[in-house]
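Engineer: This is the structure, below, for whatever I ask next.
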Amino acid sequence: MRKGLAYFKEVYDEVPGWVQKMHDYSPVVLDHYTGLRGEIMQDGALSRKEKDVLLASMNAARLYARSMGYHTKGAIDFGSTIPELVEYFLVSYLYGGTAALKVSLEGLAYALELKGVKVTKPQENPDSLEEIFETIIKWLGREDTSFVVDSLAIIQSGDNEKIEEKLLGEGHVSTRMKHLNMVGNYITQLRGADAIPWIEKARAVGVTEAELADVGYICVLTAGIPAWFEISDSLKLATK
């Protein structure tokens, strides 16, 4: 088995169809892509765990369930907890609204199944914000739901400033990582100009240039090279 196929079989326990087809049409292209992915996803300024869970949330924010699922598995495999994953998905809500949180339910259900927790899905798909939160709280079972419960109450208040403060505040996930998540949400949508205020907010809470660069790299994997164009405009030159 060529190295590209072997790599993805190790990552996903099987060779995904898109990987097999890339190999069949050009093994060289797959090997180059595998090399890039392997380099980007190793521990760096951000850990492998952080990179996967960020990608899961960023793909929920852009309503791309397929890639969200792949990276949800990576996040769980590398140690993300269910409460952590939920908080990242709440950041996707801050960007994409109820639609993003609805997509994230698929990722949460998958994560719980990977943890060996049987999920009972509602007979009808939850559509309202309250129904989605109710489902999340129910699925969390004995896990700590205090952050989720408090978040819903504040969202229902309609105070956007308090909503942002809560969803990006300290919980099972640090405010630093949540700000990186928001930066990535904009970059994956190629909205570099709109990301600038979030990049500055991220720096203000202690995010480093190397961490911002790592977000740019993982965005390349899910949104292509133009994502790097968008974040690179705001990165400071590296000092040698």
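Engineer: Mean separation of Cα pairs under 8 Å and 6+ residues apart, divided by the residue count of segment 1-132: what relative contact order is that in percent? Walk me through the intermediate numbers first.
Structural biologist: On the way: 135 pairs, mean separation 24.7, N = 132.
It comes to 19 percent, rounded to a whole number.
Engineer: Here's another thing I want to ask about it. Using +1 on the beta carbon of Lys and Arg, -1 on that of Asp and Glu, and nothing else charged, what's the dipole of the chain about the Cα centre, debye to 20? It would help to have the intermediate numbers written out before the result.
Structural biologist: Working: 26 positive and 34 negative charges, 127 e Å.
Once rounded to the nearest 20, the dipole reads 620 debye.
Engineer: Related question: Got a sec to turn the phi values of segment 203-212 into Karplus ³J(HN,Hα) couplings, 6.51 cos²θ - 1.76 cosθ + 1.60 with θ = phi - 60°, whole Hz, x for Gly and Pro?
Structural biologist: With the stated coefficients, segment 203-212 comes to 4, 5, 9, x, 5, 8, 5, 5, 5, 4 Hz.
Engineer: Shifting gears a bit: For the chain, modelled as a GNM with alpha-carbon contacts under 10 angstrom, which of Asp194, Asp159, Asp52 fluctuates the most?
Structural biologist: Of Asp194, Asp159, Asp52, the Gaussian network model singles out Asp159 as fluctuating most.
Engineer: Hey, rough spin-label estimate for Gln42 and Arg66, points 7 angstrom out along Cα→Cβ, what's it come to in nanometres?
Structural biologist: A separation of 2.9 nm, rounded to one decimal place.
Engineer: For segment 25-134, count all C-alpha to C-alpha pairs, find those more than 17 Å apart, and express that count as a whole percent of the total. Write out the running numbers ahead of the final one.
Structural biologist: Values: 3337 of 5995 pairs.
Here the long-distance tail beyond 17 Å is 56 percent of all Cα pairs in segment 25-134.
Engineer: Something else about it: Under 20 °C and 1.002 mPa s, how fast does the chain diffuse according to Stokes-Einstein, given a Kirkwood radius computed over C-alpha pairs? Answer in µm²/s, whole number. Each step should come with its number before you reach the end.
Structural biologist: Values: Rh = 18.4 Å.
Diffusion coefficient, whole number: 117 µm²/s.
Engineer: Separate question: How do Thr81, Thr135 rank by accessible surface area computed with a 1.4 Å probe, from largest to smallest? Walk me through the intermediate numbers first.
Structural biologist: Values: Thr81 55, Thr135 15 Å².
Ranking Thr81, Thr135 by accessible area, largest first, yields Thr81, Thr135.
Engineer: Would you mind calculating the relative contact order of the chain from Cα pairs under 8 angstrom and at least 6 residues apart, reporting the percent as a whole number?
Structural biologist: Once normalised by length, the contact order is 18 percent.
Engineer: Using θ = phi - 60° and the Karplus curve 6.51 cos²θ - 1.76 cosθ + 1.60, what whole-Hz ³J(HN,Hα) does each residue of segment 3-14 get, with Gly and Pro shown as x?
Structural biologist: Karplus-based 3J(HN,Hα) across segment 3-14 equals 4, x, 5, 5, 4, 6, 5, 5, 5, 10, 6, 7 Hz.
Engineer: About the Cα centre of segment 102-229, what is the dipole size in debye to 20, counting +1 per Lys and Arg Cβ and -1 per Asp and Glu Cβ, all else neutral?
Structural biologist: Dipole size: approximately 300 debye.
Engineer: Averaging sequence separations of C-alpha pairs under 8 Å and six or more residues apart, then dividing by the length of segment 116-206, give the relative contact order as a whole percent.
Structural biologist: Once divided by the residue count of segment 116-206, the mean separation gives 17 percent.
Engineer: Of the listed peptides 214-227, 171-184, what is their order by residue-averaged count of other C-beta atoms within 10 Å, with the highest listed first? Don't jump to the answer; show the numbers that get you there.
Structural biologist: Numbers: 214-227: 20.0, 171-184: 23.1.
Peptide ranking by packing, descending: 171-184, 214-227.
Engineer: Let me ask something else about it. With θ set to phi - 60°, apply the Karplus curve 6.51 cos²θ - 1.76 cosθ + 1.60 along segment 100-111 and write out the HN-Hα couplings as whole Hz, x wherever there is a Gly or Pro.
Structural biologist: 5, 5, 5, 4, 4, 4, 4, x, 5, 4, 5, 4
Engineer: Take Trp198, Trp228 and sort them by solvent-accessible surface of the protein heavy atoms, 1.4 Å probe, largest at the top. All intermediate terms of the calculation are to be shown ahead of the outcome.
Structural biologist: Working: Trp198 25, Trp228 70 Å².
Of Trp198, Trp228, the descending order of accessible area is Trp228, Trp198.
Engineer: Mark the label point 7 Å from the Cα of Asp13 along Cα→Cβ and return the residues of segment 62-79 whose backbone N is within less than 15 Å of it.
Structural biologist: 69-79
Engineer: Around Thr98, under 15 Å between beta carbons, what's the net of Lys plus Arg minus Asp minus Glu among the other residues? Let's see the in-between values first.
Structural biologist: On the way: positive: Arg62, Lys102; negative: Glu106, Asp127, Glu130, Glu131, Glu134.
Net charge around Thr98: -3.
Engineer: Within segment 62-148, report the GluC sites (Glu not before Pro) that DSSP leaves as loop and that have at most 10 other Cβ atoms within 10 Å. Please list the in-between numbers first.
Structural biologist: Values: sites: Glu84, Glu87, Glu106, Glu113, Glu124, Glu130, Glu131, Glu134, Glu143; in loops: Glu124, Glu143.
Answer by residue number: Glu124.
Engineer: Take the solvent-accessible surface of the protein heavy atoms, probe 1.4 Å, and return the percent of it on the chain that carbon and sulfur atoms account for. Walk me through the numbers on the way to the answer.
Structural biologist: Values: 6050 of 11780 Å².
Whole-percent figure for carbon plus sulfur exposure: 51.
Engineer: Please compute the Kirkwood hydrodynamic radius over segment 124-173, one decimal place, Å, based on all pairs of different Cα atoms.
Structural biologist: On the way: mean 1/r = 0.0859 Å⁻¹.
Computed over segment 124-173, the radius equals 11.6 Å.
The values are calculated or read from the model by the stated rules, or taken from the named source; none is laboratory data. Owing to the predicted nature of the structure, the values given are computational and were not obtained by experimental measurement. For neighbour counting, all protein chains shown are included, and Cβ atoms are generated from backbone atoms with ideal geometry for every residue, glycine included. Only protein heavy atoms, including side chains, enter the accessible area calculation; ligands, DNA and RNA are left aside. Shrake-Rupley method; radii C 1.70, N 1.55, O 1.52, S 1.80 Å.
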